[in-house]
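Engineer: Pasting a structure here, questions to come.
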Amino acid sequence: MHRRRPIGFLRFFYALIVRLPIGDKLFRGIPPQNHPENIKYTAPEGGQIMKQKTKESGFRGFLTLFALLKGNRRLYTLTILALGLTIAAEVTGFMVIRHVVDGLLDSEVRGAGIIHFLLVWTLVFLALALFKGALSYLHGWGKAHCSEQVIRRMRNSLYDHMQRLSFSFHDSSQTGELVQRSTSDVDTVRKFYANQIPEIFQVFFQFSINLGILLVLEWKLALFSVIVVPVVGAVSTVFFFKIFDAYDDYQDVEGRMSNRIQENLSGIRVVRAFARQEWEKDQFRKINALQRAKGMRLAWWNSLYWPFGHILCGLQFSATLLLGGFMALNGTISPGTFIAFSSMVNALIWPMQELGRTISEISKSHVSYRRIREILDEEQEDLKSGTALDAHELKGNLEFINAGFRYSLEGKAGDKVLEDISFSCREGEKIALLGATGSGKTTLVNLLPRFYDYTEGKILLDGEDLHSYNRHSLRRHIGIVQQEPFLFSMTVAENICYSLDRDVSREEMIRAAKAAMVHESIMSFPEGYDTMVGEKGVSLSGGQKQRIAIARTLLKDPRLLILDDSTSAVDADTEEKIKKALKELVSGRTTFIIAHRIQTLRQADRILVLEKGRIVQQGRHEELIQEDGFYRDVFRLQTQMEKELRRELESASQQKGA
């Protein structure tokens, strides 16, 4: 029977790095074929970090890591080969020393040709040094270039992938944990390419080349000098798995700490407003103590390896040195051979100890890569499939038919948030939503841009099922002003123009700002529209942030407009001005308004009153104040408050006049 010829190491290495296709799909966020089984993952205290933890075999994980070198594999191969040639040149230097020492002890050489002999071999040694220097430069530059290229693509891929994940994913994930995986874990993977792969091959080259030469020089002594290698390999394997688990726990806790710091800094005004600094300090100390415990466990496994390595390698080198010395004394080997042999045994044995450290670092890289893959394996939100909408195709006729929605967690359906929602609105109508906190108002409007998809009934947009529309194009024609507006850390102008992916003229931008009644406020800033906004808009008042967010939405000129309590952060005078501006701008556009002020609600063509996810009342203002229910209660309460406020103002005015 024909036997397959075993491939050499270089052919295997070329096939592994240059030809292997496993990782080609990674940068599109698509898991490879025959994706490994997933297991449920229970996050540590502090919230759900990730829905699932990928269970991937170590070998396949490493193959995928190698495959990520796509586009840089040939250069990386040359980098590794340069490392091998560097070590070969180093071993050649040992052989040159052997030859020089034996030559100096040779009576024939010590004659008139001694100067010539020394000069020639000195030049040879210098040439080897220059050769090693050039190869070392190629190796150092090549591995840095390839690792940075791979990590740049990985960062881009990870960032792009997170932009396309569903709202439910971001609802159940902690921001600090995602930041941890996008920075610290990515940098750990970078070290895999920049340091750990070269170190593994360095050990391989040093072991194989030195052992090969040692076998040629004296095969019995060579075999004796590598007795410790299997033991070191076995110990390193055990430590790999121990460190893998310890580092996994450490990274999870570090992610929780990052999230804690991120939340604290983002909410520092709330912390100080309620004087909760001591409580925050106690919470941080607890998680910091936990991280210290996990760090000490990791450090213990790391440090435990070194005594074993030092003792084993030291004993092996001492025994080899002793045996080699006896062999040199009895003439079995020459003095030059003994010196070269000792140098090569040292170059062979001590890197085996470094193998343990390298393997521990590789285990960390594997953990970090797995944590990154957990994000990349999350299913992206489908933005492109379905009917695409042109700018003038969307009219805004909506019909809810027994629509319902429930959140799902880890594949299990949760409690109903919306149930049996039925109503319709024509193009250009204004629909107002009123209800207590948690009644489902925001969830209802989030169904329109398909941030979430309804789970029961049906929603029709211009007569077509809402699910049939392309999410990307649908959202381009829907404008949203959130209840809590978010502004980016850039200029006011850039924040306003953020809603459009085209160049916006200054006239367009100013027109939108004037419509939102924020132009005069902006012009009062030191640099006007070029004023930098602090993180989350902290340098602006609540009303200014809200109106800039409104201007951003108005600039988009949407066919559907969603105002999620968008006038809650402005005073009555500014609210009235915004209403006047919006009255002209919402003309012809279907508009959903979430509000609690009757003065805002009464302008709507229809008012929906929600309670526990159901519509309990609907109609115009004039109709609802005639019915018993939540709307009339709110109307009476606000009317009474306005009367009392008016009486107090009149009383204060009379007292001042007197």
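The values are calculated or read from the model by the stated rules, or taken from the named source; none is laboratory data. This structure is a prediction, so every number in the text was calculated from the model and none was measured. Here the Cβ is made from the backbone with ideal geometry for all residues, glycine too, and neighbour counts use every protein chain on show. Note: accessible area is taken over every heavy atom of the protein model, side chains too, but ligands, DNA and RNA are not part of it. Shrake-Rupley method; radii C 1.70, N 1.55, O 1.52, S 1.80 Å.
Engineer: Output yes when any residue across region 420-427 is surrounded by fewer than 22 Cβ atoms within 10 Å (Cβ to Cβ) and not in a strand (DSSP E or B), and no when none is.
Structural biologist: yes
Engineer: Would you please name the residue that is least open to solvent (accessible area, probe 1.4 Å), looking only at residues in region 614-630 that are part of a strand (DSSP E or B), without any contact (Cβ under 8 Å) to a residue 24 or more places away in the chain and in contact with a strand residue (DSSP E or B) (Cβ under 6 Å, 6 or more places away or on another chain)?
Structural biologist: Among those that are part of a strand (DSSP E or B), without any contact (Cβ under 8 Å) to a residue 24 or more places away in the chain and in contact with a strand residue (DSSP E or B) (Cβ under 6 Å, 6 or more places away or on another chain), it is Q617.
Engineer: OK, next. Only residues in region 139-166 that are more than 24 Å from L383 (Cβ to Cβ) and touching a residue at least 12 places away in the same chain (Cβ under 8 Å) count as the first member; pair them with residues that are buried (at least 16 other Cβ atoms within 10 Å of the Cβ) and among the charged types (D, E, K, R), Cβ under 7 angstrom, at least 6 apart or cross-chain, and list the lot.
Structural biologist: Pairs found: S147/R190; I151/R190.
Engineer: Exactly one of (1) farther than 19 Å from L563 by Cβ; (2) more than 37 Å from the chain's Cα centre (by Cα); (3) open to solvent by less than 30 Å² (accessible area, probe 1.4 Å) is unmet by L466. Its number?
Structural biologist: Failing condition for L466: (2).
Engineer: Would you check if R602 is touching a His at 6+ places or on another chain (Cβ under 9 Å), closer than 23 Å to T443 by Cα and not polar (S, T, N, Q)?
Structural biologist: For R602, the condition - touching a His at 6+ places or on another chain (Cβ under 9 Å), closer than 23 Å to T443 by Cα and not polar (S, T, N, Q) - is met.
Engineer: Taking the options D501, D564, name whichever one is in the same structural domain as T600 (by TED's automatic domain parsing), of a type outside the set (V, I, T), at pLDDT below 85 and surrounded by fewer than 21 Cβ atoms within 10 Å (Cβ to Cβ).
Structural biologist: D564
Engineer: Here is a follow-up. Mind listing whichever residues of region 481-526 are within 19 Å of D564 (Cα to Cα), in a loop (DSSP other than H, G, I, E, B) and in contact with a strand residue (DSSP E or B) (Cβ under 8 Å, 6 or more places away or on another chain)?
Structural biologist: Within region 481-526, Q482, Q483 qualify.
Engineer: Now a separate question. Would region 324-342 turn up any residue that is surrounded by 18 or more Cβ atoms within 10 Å (Cβ to Cβ), touching a strand residue (DSSP E or B) at 6+ places or on another chain (Cβ under 6 Å) and either of a type in the set (D, E) or under 30 Å from A89 (Cβ atoms) (or both)?
Structural biologist: Checking region 324-342: not a single residue is surrounded by 18 or more Cβ atoms within 10 Å (Cβ to Cβ), touching a strand residue (DSSP E or B) at 6+ places or on another chain (Cβ under 6 Å) and either of a type in the set (D, E) or under 30 Å from A89 (Cβ atoms) (or both).
Engineer: Being in contact with a Ser or Thr (Cβ under 9 Å, 6 or more places away or on another chain), buried (at least 17 other Cβ atoms within 10 Å of the Cβ) and part of a strand (DSSP E or B) is the filter here; which residues of region 593-613 pass it?
Structural biologist: Across region 593-613, the qualifying residues are I593, I594, V609, L610.
Engineer: Let me ask something else. Only residues that are open to solvent by 50 Å² or more (accessible area, probe 1.4 Å), over 30 Å from L447 (Cα atoms) and not charged (D, E, K, R): list them for region 145-180, please.
Structural biologist: Of everything in region 145-180, those that are open to solvent by 50 Å² or more (accessible area, probe 1.4 Å), over 30 Å from L447 (Cα atoms) and not charged (D, E, K, R) turn out to be H145, Q149.
Engineer: Just one of G314, G324, G295 is under 28 Å from S225 (Cα atoms), part of a helix (DSSP H, G or I) and touching a residue at least 24 places away in the same chain (Cβ under 8 Å); which is it?
Structural biologist: Result of the check over G314, G324, G295: G324.
Engineer: A follow-up question, please. Looking only at region 257-271, how many residues end up being at pLDDT below 70 and of a type in the set (D, E, K, R)?
Structural biologist: Residues in region 257-271 being at pLDDT below 70 and of a type in the set (D, E, K, R): 1 in total.
Engineer: Further, regarding this structure: Quick check on my filter: what residues within region 459-472 are out of contact with any Ser or Thr (no Cβ under 8 Å at 6 or more places or on another chain) and assigned to a helix (DSSP H, G or I)?
Structural biologist: If the condition is that a residue be out of contact with any Ser or Thr (no Cβ under 8 Å at 6 or more places or on another chain) and assigned to a helix (DSSP H, G or I), then L466, H467, R471, H472 are the ones that fit.
Engineer: State all residues of region 371-384 that are in a loop (DSSP other than H, G, I, E, B) and either open to solvent by 60 Å² or more (accessible area, probe 1.4 Å) or modelled with pLDDT of 85 or more (or both); if no residue qualifies, say none.
Structural biologist: Correct list: D377, E378, E379, D382, K384.
Engineer: Any idea which of (1) at pLDDT 80 or above; (2) open to solvent by 70 Å² or more (accessible area, probe 1.4 Å); (3) within 30 Å of G336 (Cβ to Cβ) is the one K286 doesn't satisfy?
Structural biologist: Of everything listed in (1) at pLDDT 80 or above; (2) open to solvent by 70 Å² or more (accessible area, probe 1.4 Å); (3) within 30 Å of G336 (Cβ to Cβ), K286 misses just condition (3).
Engineer: Separate question: I need the full set of residues from region 634-658 which are under 13 Å from Q599 (Cα atoms) and at pLDDT below 80, in order please.
Structural biologist: Within region 634-658, just E642 meets the criteria.
Engineer: Hey, another quick one. Being in a loop (DSSP other than H, G, I, E, B), among the aliphatic types (A, V, I, L, M) and assigned by TED's automatic domain parsing to the domain that holds G386: is that true of L448 here?
Structural biologist: When the stated conditions are applied, L448 passes them.
Engineer: Sticking with this one: Is at least one residue of region 348-369 over 30 Å from V235 (Cα atoms) and open to solvent by 50 Å² or more (accessible area, probe 1.4 Å)?
Structural biologist: No.
Engineer: Restricting attention to region 208-249, which residues are touching a Gly at 6+ places or on another chain (Cβ under 6 Å) and open to solvent by 30 Å² or more (accessible area, probe 1.4 Å)?
Structural biologist: none
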